[in-house]
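Trainee: Let me give you the structure first, and then I'll get to my questions.
Please treat every number below as a calculation from the coordinates, not as lab data. Worth saying up front: this structure is predicted, and the values here are computed from it rather than measured. So basically every Cβ, Gly included, is an ideal-geometry build from the backbone, and we count neighbours across all protein chains shown.
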Amino acid sequence: MVDTSSFTSNMATGWGGAIYLTQAILDVSSSSFVSNQGDSGGGIRISNADPSQIRSSEFQSNVASSGFGGAVFTWGSSIDMLSSRFHDNEASQYGGALALGTGYKQVFDCTFTDNTAGTEGGAIRAHVTASSPLWVGSTSLRNNVAADIGGIFLNSLPQHAVLRNLVLWGNGGDVGGVAGASSPTIANVCSEFFLEAGGGNLVPASDPFVAGPDGELFLLPASLCVDAGDSAAASADYGVIGLDWADLSTQMDGSLDAGIVDMGAHYAVE
């Protein structure tokens with residue numbers, strides 16, 4: 001277990017600038033990964049490490065210099081990414097912050113800002129099949145960049161992905177994947193682009209975010225994304241983390257989320 005640890009300015013000539021783990025279980029909590037570099041998995045590379053979890057951690061300015069996953073690259077591993085923040089990570093190919101390969105994948109209550117990929121998925125690039133599904137819930141993405149889809153790129157069979165209670169803005173393409181593939185389930189998502197009819201999806205007229213002092217993406221009080229989520233889905237997602245969204249906030253002033261859940265990531269009130 002890695003708990004309350006810092007990894008800064010480490011470099012690997014192969015995989016995993018700070019951590020490379022194979023055939024074991026990785027559990028990271030309340031840790032920071034800053035300015036690490038590897039060929040793939042600038043911060044962490046996980047291979048056949050099942051199940052693994054990264055929780056309440058920060059990934060900033062990590063680089064995958066010749067491959068995938070500026071912050072984290074996984075393959076053959078079930079992974080839960082929970083209540084973590086990814087800022088200014090970069091991959092020369094795909095997955096500016098996360099490149100998620102085979103295995104069951106959950107990304108709940110995370111924040112992605114200013115991550116960059118050379119090809120696909122500025123924030124997230126995921127390999128999705130029936131045996132390797134993806135769930136992304138209560139997550140916020142802003143100003144991530146890639147040649148193809150700055151937000152979330154779904155490879156292979158996107159119909160096995162579920163995206164719900166998300167807020168996306170400024171990604172130059174919020175959700176996409178292989179041309180001609182079936183669509184993922186997209187519900188209660190606030191995006192500057194029209195993603196899918198029905199399901200409570202909304203298109204705000206302007207940027208719904210205000211940046212917090214520690215990398216948070218708070219919602220403007222008058223945003224369409226406030227009181228517009230799926231409360232039952234949010235309760236299920238936060239249940240995985242062991243939190244209640246009603247004890248958290250999406251607002252700069254720290255007011256608790258009440259009534260219908262807000263879309264996007266939530267933050268602890270200090």
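Trainee: So how do LEU219, LEU166 line up by other beta-carbon neighbours within 10 Å, fewest first?
Mentor: LEU219, LEU166
Trainee: Then there's this: Apply the Karplus curve 6.51 cos²θ - 1.76 cosθ + 1.60, θ = phi - 60°, to the phi angles in region 185-191 and return the couplings in whole Hz, x for Gly and Pro.
Mentor: 3J(HN,Hα) across region 185-191, in whole Hz: 7, 10, 9, 6, 10, 9, 9.
Trainee: List ILE260, ILE149, ILE46, ILE186 from most exposed to least, where exposure is judged by having the fewest other Cβ atoms within 10 Å. Please report the intermediate quantities before stating the final value.
Mentor: Values: ILE260 14, ILE149 26, ILE46 31, ILE186 23.
Ascending number of Cβ neighbours within 10 Å: ILE260, ILE186, ILE149, ILE46.
Trainee: Starting at 0 and stepping by 10 Å, how many percent of the alpha carbon pairs of region 1-70 end up in each bin?
Mentor: 25, 55, 20
Trainee: Roughly how many Å is it from the Cα centre of region 219-270 to that of region 113-150, as a whole number?
Mentor: 22
Trainee: With just the Cα atoms of region 96-192, tell me how far they stretch along each of the three principal axes, in Å, largest first.
Mentor: Result, largest extent first: 30, 27, 22 Å.
Trainee: Positive end of the dipole of the chain, charges at C-beta (+1 Lys, Arg; -1 Asp, Glu), about the Cα centre: which of ILE152, GLN60, GLY229 has its Cα farthest in that direction?
Mentor: ILE152
Trainee: Rounded, prolate or oblate for region 131-173? Axes are the square roots of the Cα gyration tensor eigenvalues, ordered a ≥ b ≥ c, and the cut-off for rounded is a/c under 1.5. Could you put the intermediate results ahead of the total?
Mentor: Numbers: a/c = 3.22, a/b = 1.35, b/c = 2.38.
Oblate is the answer for region 131-173, as a/c is 1.5 or above yet b/c matches or exceeds a/b.
Trainee: How large is the direction-averaged shadow of the alpha-carbon convex hull of region 217-259, in nm²? List each step's numbers first, then the result.
Mentor: Values: hull surface 12.3 nm².
Value for region 217-259: 3.1 nm².
Trainee: Using θ = phi - 60° and the Karplus form 6.51 cos²θ - 1.76 cosθ + 1.60, what ³J(HN,Hα) does each residue of region 252-259 get, whole Hz, x for Gly and Pro?
Mentor: 3J(HN,Hα) across region 252-259, in whole Hz: 4, 7, x, 5, 5, 6, 9, x.
Trainee: Under a point-charge model restricted to the Cβ atoms of Lys and Arg (+1) and Asp and Glu (-1), what is the dipole moment magnitude of region 1-156 relative to its Cα centre, in debye to the nearest 20? The partial results should precede the final answer.
Mentor: Working: 6 positive and 12 negative charges, 20 e Å.
Rounded to the nearest 20 debye, it is 100 debye.
Trainee: Relative to the longest principal Cα axis of the chain, at what angle does helix 231-241 sit, 0 to 90 degrees, rounded to 10?
Mentor: Taking the Cα atoms of the chain, the angle to 231-241 is about 30 degrees.
Trainee: Here's a follow-up. So if R0 is 22 Å, what FRET efficiency would ALA246 and THR185 give, r being the distance between their Cβ atoms, rounded to the nearest 0.05? Each step should come with its number before you reach the end.
Mentor: Numbers: r = 25 Å, r/R0 = 1.12.
Working from the Cβ atoms, E equals 0.35.
Trainee: Quick check: residue separation of MET1 and SER32 times 0.36 nm, minus the Cα distance between them. What number comes out in nm?
Mentor: 9.8 nm
Trainee: Could I ask something else about it? If the viscosity is 0.890 mPa s and the temperature 25 °C, what Stokes-Einstein diffusion coefficient in µm²/s follows for region 5-154 when Rh is the Kirkwood radius over Cα pairs? Spell out each step's value before the answer.
Mentor: Working: Rh = 14.0 Å.
Calculated translational D: 175 µm²/s.
Trainee: Still on this structure: Find how much the distance from ASP214 to ALA130 grows on full extension, using 0.36 nm per residue of separation minus their present alpha carbon separation; answer in nm with one decimal.
Mentor: Values: separation 84, 0.36 × 84 = 30.24 nm, distance 3.68 nm.
The ASP214-ALA130 span can extend by a further 26.6 nm.
Trainee: I need the phi-derived Karplus couplings for region 130-139: 6.51 cos²θ - 1.76 cosθ + 1.60, θ = phi - 60°, integer Hz, Gly and Pro marked x.
Mentor: Values per residue, Gly and Pro as x: 4, 8, 9, x, 10, 10, 10, x, 6, 10 Hz.
Trainee: Under the Cβ-under-4.7 Å rule, which cysteines of the chain stay unpaired?
Mentor: CYS110
Trainee: While we're here: Largest first, please: the extent of the C-alpha atoms of the chain along each principal axis, to the nearest Å.
Mentor: 48, 45, 29
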